[in-house]
Structure formats: C-alpha cells, structure tokens
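These notes concern the structure reproduced below.
The values are calculated or read from the model by the stated rules, or taken from the named source; none is laboratory data. Computed from a predicted model, the values in this text were never measured in an experiment. Note that each Cβ is placed from the backbone with ideal geometry, even for glycine, and that neighbours are counted across all protein chains shown. The protein model used for the area step is the full one, side chains on, heavy atoms only, and it has no ligands, DNA or RNA in it. Shrake-Rupley method; radii C 1.70, N 1.55, O 1.52, S 1.80 Å.
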Amino acid sequence: MTNPLSAASARVGSGLRIGVLALQGDFREHLRAVEAAGAAGVGIRRPSELEGLDGLIIPGGESTAIDKLARAFELAGPLKDRIRDGLPVYGSCAGMILLADEIADPATDLAGNPQQTFGGLDITVRRNAFGRQRESFETDLDFKGLDFSATESGVAPVHAVFIRGPWVERVGAGVEILAQVEPADPEHASHAAGLPGTARIVAVRSGHLLATSFHPEVTGEKRVHELFIRMIRGDA
C-alpha cells in the first residue's frame, strides 16, 4: 500500500538539504523518500557533513550498531549538540530509540556498559517490544498531523510496517502522541491475535523532533516524511 506524493507535495522539500545518518540501516530508502519530496538528500558519516543541514533523519537498523559507529566516527557528540541547538530530526524505529532520553531495556557491551542515545525526546522506549523478526507485522494507523493530505473522504490511515520495532512506555509533558497500536485490531492487523493490554504508543513529536516505531520508508508511505519537511519549514 502506498501514498504517493501529489504534484505539490513532490515540491514541498525544494531548496532544503536533509541529511540521513548513513552509518548502518536503511538510510538509502530515506534518501529516496526525501528526494521524492524535492529535497536534496545527503548521507551523513562525518561531523563536518552536519554543517548546512536543514534537517536530519536517523534510519531504522540496529540501534546498538548505530550508537557504536556514531561514537567511533566522532559523530555522537556533534549530533547531540545539534539536536540540543534545535536541528529538526526524524527517527524511525532504531532512530526512535536513539532520540529517546531513556531506554527501558538497554543493551550492554562486554564490559556491562549500557548503550547510549543521542537523546532529545523526553520519552522512555522499549527495544524490540513487538517481538523478534518473525513477529513483524503490518497495520493501519490513525496518525495525527496529516491534515495536509486530507481528501473529501478525510485523512487516510497510515499503513505501518513494524520490524522488531520499539514502543514508547512513557512520554514527558511536552511530548505529543501521534499514533498508537490498539491492543486488538484483527480487521486491519496482520497479527490476528492482537496485542495484550493497553494501546502502544508508536509515533510521537516534541517541538523539532519526530519519531516513529515503524518504517514508512519501506511501504511507499510518503506523508510522514512530508510532515517532517513541513516541520522543518515551520508549517506543521
């Protein structure tokens, strides 16, 4: 299922330079998504490449690997500084984990040191919360903030793919919840048994920061990237 950009949306990123952290994960798919919206996409591997960016995307992948590589490439410190200084950043899946201020179940290295994050979002996340790779699933989500895509029939749901995704267990006072997975949604979910307990938070926003548990870049769903671009421009 895809939501291709309209002619106007395909130009929404014109003139913007958006970086995608290209250390590990599906950064190529994010680069294609921002370029489809008319922005210039730039793979980021070195601190000097952060200069002149209008926004940054942290892709899905392995949060522990991205953390270690960011420190090895001396990117972690400059990234934290740019986030603190107000650089708009969108994180998907592993990117959500890396934007969180707290991880409920951090991985540890051989010395017992917990993984680190870049932080910025006042949330607590749980890694691999929906299960392992074989428990990946798809579902349709009501997603706040996409009014720009409304048609006569309203705003279409976002078709979301969860691949070892995290969920958000706590949000701070300044964090807006954009989407949740309901505990049982057999009509739209590929996980027919549903999820136990309460709804799970899977998309949030706080000021210049946006994060999703799922991967819009792999389904052809372009509206989340358009929302991020509109955030960069101050239109959302």
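Before moving on, here are some points about what is shown:
- Extension gain, K144 to R28, is 39.1 nm, computed as 0.36 nm per intervening residue step minus the present C-alpha separation.
- Fluctuation leader among I58, I177, I123 - the chain, Gaussian network, Cα springs under 10 angstrom: I177
- The chain - share of DSSP beta bridges that are antiparallel (%, nearest 5): 50
- When a 1.4 Å probe is rolled over the protein heavy atoms, the share of accessible surface on the stretch 1-140 that falls to carbon and sulfur comes to 45 percent.
- Area of E169 that stays accessible when all protein chains are in place (1.4 Å probe, Å², to 10): 90
- Prolate/oblate/rounded label for the chain (Cα gyration tensor, a/c 1.5): oblate
- Near V161, once Lys and Arg are set to +1 and Asp and Glu to -1 for all other residues with Cβ below 10 Å from its Cβ, the sum equals -3.
- Alpha-carbon centroid distance for the pair the stretch 16-35 / the stretch 129-166, whole angstrom: 20
- Taking a sphere under 12 Å around the Cβ of T198 and counting the other residues whose Cβ falls inside, with K and R at +1 and D and E at -1, yields a net charge of -1.
- Under 11 Å, Cβ to Cβ, from K68 - net charge with Lys/Arg +1 and Asp/Glu -1: -2
- To the nearest 10, the accessible area of T108 is 90 Å² with a 1.4 Å probe.
- Length-normalised contact order for the stretch 17-233 - Cα pairs under 8 Å, 6+ apart - percent: 19
- For the stretch 109-184: rounded, prolate or oblate by the Cα gyration tensor [a/c cutoff 1.5]: oblate
- FRET efficiency estimate (nearest 0.05) - Cβ-Cβ, R170 to R17, R0 45 angstrom: 0.85
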